[in-house]
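Novice: Below you will find the structure I want to go over with you.
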Amino acid sequence: MTQHNTQQAQRKAAMAVLAHAEAGEIAARLRNLSLPDHQDLRAPENGLVMLRGRVGGDGAPFNLGEATVSRAAVRLASGEVGFGYTLGRDGEKARLIALCDALAQSRDFGEEVEREIIAPLRAQLMVTRKQAAEATAATKVDFYTMVRGEG
Amino acid sequence: MYVAVKGGERAIENAHRLLAHKRRGDQDVAEISLDQITEQLGLAVDRVMSEGSLYDRELAALAIKQARGDLIEAIFLVRAFRATLPRFGASEPVDTGAMRVQRRVSATFKDIPGGQILGPTFDYTHRLLDPSLAEGFVPEAPAMAEASTAPTPRVTDILGRDGLIESSPEAEDGASVGDLTREPLNFPADRDLRLQNLARGDEGFLLAMGYSTQRGYGRNHPFVGEIRFGEVEVEFVAEDVGFAVPLGAIALTECQMVNQFKGSATEAPCFTRGYGLAFGQSERKTMSMALVDRALRARELGEEALAPAQDEEFVMSHSDNVQATGFVEHLKLPHYVDFQSELGLLRKLRQEFADANAPDAMKEAAE
């Protein structure tokens, strides 16, 4: 895998975690970093994305209905540009995701963002998902066969 | 003659003021919050998102509150809101096979990989009103069990491996995905447009149409291959970013209906399918959708299309409750001038009728 692809996969993995976090949680963790100068490249903007499904789950795509999405872009003084996209209408969250994405691409902050922000949020997300999966698992049916009569 | 009618402004303003007062109800009773609606009336929120065709729990809750619980009015509000935002584009098609299932049942196979998972369901409840819920009810914590990491493949994919069920239609190369919010509806409509129409269609209408197929009006012998509910991840290819960006997760319900088989001299017989997909936990909706989707495939499958549920123009033209309520409810708006002209015509016809049926004696006397 090229370095570009590796970085892209890391950015995507970070976004997948950040999209599930609350703006307040991301902001609180960002406060642990001494942030470099940065500015909004694109101010937060709300819009719609048409969500698609597939016929039969695995066939040709069709339009299911839209979702609200907020997006933003942030540029660090050192030039890295980060993008934030998230379901919902929380522009501040989109901006914080964009900032994290920009930091993740920076030589100086990349590892720190992963360690201080992404990793703990990922761990928290995994705990939430595990609890939901365990509550779901308890409703799984255990079939058994009633044995009637003798041998 | 055109008669300008004015003078309703004050009445309208005061009516809306009174509505706001009624909406709030007795002010000694606590105001309902949007969180309370999303958390405690979640299935109403799901329905408003599905039929409002906009996934946003908070907006759907606001619409329900504003509409005083009238869900069709709430759906109308959500549809109107979506017209105010720009569209960034379309998501990658979601993968329901990778869903984090919270419920997953099959009525056709007992032993499916991943198992039958009941999840939060009204099924098997006794439908007895529970007085303990009236106030201060604290539920028990959910039971927990070790979660399996085994995948939960779609049941239709398992059947498909043996060729027992028809495969899903593949996308044609370069074919665009039809969007009825962008182009006017023309008939015959392809399956992508039909599914989009059904996904935002009125649950009650689809339920009645689906039910009619079970009662013999377009019978297609359905089994629930699988119903699954849970969260799927959504990705969007953002051109500025240059790759598919994760947006977060949405809750979806999917229903795979397995229907009567078909075969021909050239094709081995196999089961046919109907498909349902909707936002949130919407089981009745997706089951009805799958029944109607299958019924609407009558022509494609060489069946005689005689029943209403098999008539795509009939179904697709009447499934949308915002269009339907608009046309039905407009009847209560002032039609004074239209009605005056009808009244004038009726009076004239009645006079002619009276003249024609006047006693002969009077006619003779008149002559």
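The values are calculated or read from the model by the stated rules, or taken from the named source; none is laboratory data. What you are looking at is a predicted structure, and each value in this text was computed from that prediction instead of being measured. Here Cβ is always computed from backbone atoms with ideal geometry, including for glycine, and neighbour counts include all displayed protein chains.
Novice: Just a yes or no: is a residue in segment A:39-50 within 18 Å of the chain's Cα centre (by Cα), under 29 Å from B:ARG103 (Cα atoms) and of a type outside the set (Ser, Thr, Tyr)?
Specialist: For segment A:39-50, residues within 18 Å of the chain's Cα centre (by Cα), under 29 Å from B:ARG103 (Cα atoms) and of a type outside the set (Ser, Thr, Tyr): present.
Novice: List the residue pairs whose Cβ atoms are under 6 Å apart, where the first residue sits in segment A:120-143 and is surrounded by 14 or more Cβ atoms within 10 Å (Cβ to Cβ), the second is among the polar types (S, T, N, Q), and the two are 6 or more positions apart or on different chains.
Specialist: Cβ pairs passing all conditions: A:THR136/B:GLN102.
Novice: I'd like the full set of residues that are facing chain A (nearest Cβ under 8 Å) and loosely packed, with under 15 Cβ neighbours inside 10 Å, limited to segment B:106-119.
Specialist: Result: B:LYS110, B:ASP111.
Novice: What pairs can you find where one residue is in segment B:138-150 and free of Cβ contacts under 8 Å to residues at least 24 places away in the same chain, the other is assigned to a loop (DSSP other than H, G, I, E, B), and their Cβ atoms are less than 8 Å apart, with a gap of 6+ or different chains?
Specialist: Pairs found: B:PRO142/A:ALA138; B:ALA143/A:ALA138; B:ALA143/A:THR139; B:MET144/A:ALA138; B:ALA145/A:ALA138.
Novice: Could you check B:PHE314 against (1) at pLDDT 95 or above; (2) assigned to a strand (DSSP E or B) and say which number it fails?
Specialist: So B:PHE314 meets the others, but not (2).
Novice: Hey, among B:ALA171, B:ALA175, which residue is within 30 Å of B:VAL78 (Cβ to Cβ), facing chain A (nearest Cβ under 7 Å) and part of a loop (DSSP other than H, G, I, E, B)?
Specialist: Being within 30 Å of B:VAL78 (Cβ to Cβ), facing chain A (nearest Cβ under 7 Å) and part of a loop (DSSP other than H, G, I, E, B) holds for just one of B:ALA171, B:ALA175, which is B:ALA171.
Novice: Does segment B:234-251 include one or more residues that are buried (at least 18 other Cβ atoms within 10 Å of the Cβ), over 30 Å from A:ALA72 (Cβ atoms) and either among the aliphatic types (A, V, I, L, M) or at pLDDT 95 or above (or both)?
Specialist: No; the residues of segment B:234-251 include none that is buried (at least 18 other Cβ atoms within 10 Å of the Cβ), over 30 Å from A:ALA72 (Cβ atoms) and either among the aliphatic types (A, V, I, L, M) or at pLDDT 95 or above (or both).
Novice: Scanning for something over 25 Å from B:ALA278 (Cα atoms), surrounded by 24 or more Cβ atoms within 10 Å (Cβ to Cβ) and in contact with a Lys or Arg (Cβ under 9 Å, 6 or more places away or on another chain), does segment A:38-61 turn up at least one residue?
Specialist: Taking every residue of segment A:38-61 in turn, none turns out to be over 25 Å from B:ALA278 (Cα atoms), surrounded by 24 or more Cβ atoms within 10 Å (Cβ to Cβ) and in contact with a Lys or Arg (Cβ under 9 Å, 6 or more places away or on another chain).
Novice: Whether any residue in segment B:108-130 is closer than 30 Å to A:ASP142 by Cα and touching a Gly at 6+ places or on another chain (Cβ under 6 Å) is what I want to check.
Specialist: If we filter segment B:108-130 for residues that are closer than 30 Å to A:ASP142 by Cα, which is where we start, we get B:108-130.
Of the ones still in play, those that are also touching a Gly at 6+ places or on another chain (Cβ under 6 Å) are B:108.
Scanning segment B:108-130 turns up at least one residue that is closer than 30 Å to A:ASP142 by Cα and touching a Gly at 6+ places or on another chain (Cβ under 6 Å).
Novice: Continuing with this model, one more query. Would it be correct to say that B:LYS332 is exposed (fewer than 10 other Cβ atoms within 10 Å of the Cβ), of a type in the set (Lys, Arg) and over 30 Å from B:SER106 (Cβ atoms)?
Specialist: So B:LYS332 fits the description; yes.
Novice: Being more than 8 Å from chain B (Cβ to nearest Cβ), surrounded by 18 or more Cβ atoms within 10 Å (Cβ to Cβ) and part of a helix (DSSP H, G or I) is the requirement here; does A:LEU103 meet it? Don't jump to the end; show me each part of the working.
Specialist: Working: more than 8 Å from chain B (Cβ to nearest Cβ): yes; surrounded by 18 or more Cβ atoms within 10 Å (Cβ to Cβ): yes; part of a helix (DSSP H, G or I): yes.
Spelling it out, A:LEU103 is indeed more than 8 Å from chain B (Cβ to nearest Cβ), surrounded by 18 or more Cβ atoms within 10 Å (Cβ to Cβ) and part of a helix (DSSP H, G or I).
Novice: Given A:GLU134, A:GLU92, A:GLU66, which one is modelled with pLDDT of 95 or more and over 21 Å from B:LEU85 (Cα atoms)?
Specialist: Numbers: A:GLU92 fails: over 21 Å from B:LEU85 (Cα atoms); A:GLU66 fails: over 21 Å from B:LEU85 (Cα atoms).
When all the criteria are applied, what remains is A:GLU134.
Novice: Take A:GLU116 and tell me if it is more than 10 Å from every other protein chain (Cβ to nearest Cβ) and either touching a residue at least 12 places away in the same chain (Cβ under 8 Å) or buried (at least 18 other Cβ atoms within 10 Å of the Cβ) (or both).
Specialist: The answer is yes for A:GLU116.
Novice: State all residues of segment B:53-64 that are without any contact (Cβ under 8 Å) to a residue 40 or more places away in the chain and crowded, with 19+ Cβ neighbours inside 10 Å; if no residue qualifies, say none.
Specialist: Step one: filter segment B:53-64 for residues without any contact (Cβ under 8 Å) to a residue 40 or more places away in the chain, giving B:54, B:56-64.
Selection gives B:LEU54, B:ASP56, B:ARG57, B:LEU59, B:ALA60, B:ALA61, B:LEU62, B:ALA63, B:ILE64.
Novice: Counting only residues that are among the charged types (D, E, K, R) and within 14 Å of chain A (Cβ to nearest Cβ), give me the helices (runs of 4 or more DSSP H) lying completely in segment B:1-100 with at least 3 of them.
Specialist: B:42-52
Novice: Mind checking which residues of segment B:257-312 are in contact with a Phe, Trp or Tyr (Cβ under 9 Å, 6 or more places away or on another chain), of a type in the set (Gly, Ala, Ser) and within 14 Å of chain A (Cβ to nearest Cβ)?
Specialist: Selection gives B:GLY280, B:SER282, B:ALA290.
Novice: Further question on the same structure: Can you say whether B:ARG103 is buried (at least 18 other Cβ atoms within 10 Å of the Cβ), facing another protein chain (nearest Cβ under 8 Å) and at pLDDT 95 or above, as far as the supplied structure shows?
Specialist: In short, yes.
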